[in-house]
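This report concerns only the one structure given below.
Please treat every number below as a calculation from the coordinates, not as lab data. If you're wondering where the values come from, they're calculated on a predicted model, not measured in any experiment. Neighbour counts are summed over all protein chains in view; Cβ atoms, including those assigned to glycine, are modelled from backbone coordinates with ideal geometry.
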Amino acid sequence: MFRKQHCLHCRPLDLGKSALEYHPLQYTFFLWQDAVIANCLDEILPVHCKTTTKHNCDFTLPPPGTQKKVVQSGHVPPGRSRQEMAISGSRHWQGKADPFGAVAVSLVSRLSDQQKISEPPLSQFREVYLPLALRPLNKTLVKGDEWKDVGSTQEKRRSFLYEFCQKYNSRKKLRTHLVHMVSRIYVEDRHKVLYCEVPKAGCSNWKRVLMVLNGLATSTHNISHDDVHYGKHLRKLDSYDLKGIYTRLNTYTKTIFVRDPLERLVSAFRDKFEHPNSYYHPVFGKAIIKKYRHNADEEALKTGSGVKFKEFIQYLLDSHRPVGMDIHWEQVSKLCYPCLINYDFIGKFETLEEDANYFLQLVGAPAELKFPKFKDRHSSDERTSAEVVRQYLKELSKEERQLTYDFYYLDYLMFNYTSPIV
């Protein structure tokens with residue numbers, strides 16, 4: 001179904017190398033030139049991938065005045081807004097791509113028109129002034145020498161992301177939708193913590209921790225899954241006025257926890273489609289089966305249950321998805337804007353417990369509060385590991401595996417994850 005990807009100035013990737021090894025910051029960024037990736041990171045001028053049967057990375061800007069197609073769904077799960085569902089699609093833009101030498105000129109000349117196109121209702125296109133310097137961590141509350149290695153690793157992660165963003169995010173005055181940019185960030189005012197939620201990277205237990213820090217519970221073990229996700233006990237940063245947002249961004253300790261992108265993707269698929277689910281089966285499952293399964297039986301079309309991983313990947317890679325993206329498999333670069341918000345702490349799911357407990361010391365959490373080890377749901381299931389991911393990838397063609405990696409390429413690069421051998 002998928003033909004070979006054709007990107008302007010692309011080079012084949014050696015998928016056995018890490019992002020740092022293959023793309024060190026002092027060398028050329030092969031897939032995009034600086035001017036283009038800077039705009040991708042700023043979320044000002046999106047790069048559109050067109051056609052349903054292949055993924056052509058096309059840097060042609062949509063014609064001025066052309067509106068994006070938005071697909072609305074009548075199904076809204078408890079505790080979530082329509083904005084969080086992110087049910088949107090992209091147009092299939094016609095026309096040839098600009099010669100690459102003219103791309104930067106085109107970006108500037110069409111900026112005002114593109115701003116009008118991309119502006120959502122009831123929001124303003126604002127200039128955002130965020131601190132550009134890498135702020136040193138205050139380690140005065142950290143006790144014991146056992147955290148020395150964790151602290152050293154943390155500094156390396158921070159420096160790597162900061163240098164990457166400095167290279168490809170050259171403008172000091174950034175223009176973006178501020179309220180949207182902080183919509184996934186949870187606020188804990190007592191200890192001055194901002195946490196950007198990345199689903200399938202320990203977010204349920206992190207929200208339990210925030211509730212305890214905020215005095216809403218005495219123990220993480222007493223908080224149910226529904227209270228965590230649907231109780232609305234925690235405030236998000238977009239619920240504050242502009243002054244409140246800016247003050248917290250500039251003075252609170254901002255953290256993000258990430259995970260190997262394909263492990264996170266497979267974990268989301270297993271959670272949402274391999275177990276009964278009253279939202280994802282009827283909303284996503286039915287649409288996926290209807291479009292990508294030939295000769296689907298009536299029961300599958302009616303319930304949306306039994307989506308296969310290959311069908312899910314076909315949906316993910318389709319620029320004309322029958323139903324839009326979801327936060328559980330959206331790229332981290334589009335959830336938390338790590339090149340627009342200078343996160344003070346970058347945790348990883350692979351070292352979740354030690355990273356989280358080190359962070360809790362940094363912010364002065366009670367000594368008895370430790371990050372919970374228990375699995376939030378489906379506790380009898382094997383955790384999604386690299387080996388589990390390999391088993392799921394076997395269901396895909398080599399080209400589908402490559403395209404899936406390409407989809408999360410920026411996340412692999414930003415957080416220096418080793419690219420999979422596909």
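Observations on the model:
- Extending 7 Å from the Cα toward the beta-carbon at both Lys308 and Asp241 defines two label points whose distance is 5.7 nm.
- Computed FRET value (nearest 0.05) for Glu368 with Leu134, which takes r as the C-beta separation and R₀ as 41 Å: 0.80
- Protection proxy ranking for 150-163, 244-257, using the average of other Cβ atoms within 10 Å per residue and placing the highest first: 244-257, 150-163.
- Charged side chains reduced to their Cβ positions (Lys and Arg at +1, Asp and Glu at -1) give segment 302-422 a dipole of some 360 debye around its Cα centre.
- Sorted peptide list for 215-224, 198-207, 402-411, criterion being average Cβ within 10 angstrom, highest first: 198-207, 402-411, 215-224
- Furthest towards positive pole of dipole, Tyr252, Tyr343, Phe284, structure part segment 235-343, Cβ charges: Tyr252
- Each label was represented as a point 7 Å from its Cα along the Cα-to-Cβ direction; for Thr251 and Lys167 these points are 3.6 nm apart.
- Of the trypsin sites (Lys or Arg not before Pro) found in segment 388-422, those in coil by DSSP whose Cβ has at most 13 other Cβ atoms within 10 Å are Lys394.
- All Cα pairs of segment 223-379, percent lying beyond 27 Å: 40 percent
- GluC sites (Glu not before Pro) within segment 212-319, DSSP loop, no more than 14 other Cβ atoms inside 10 Å: Glu274
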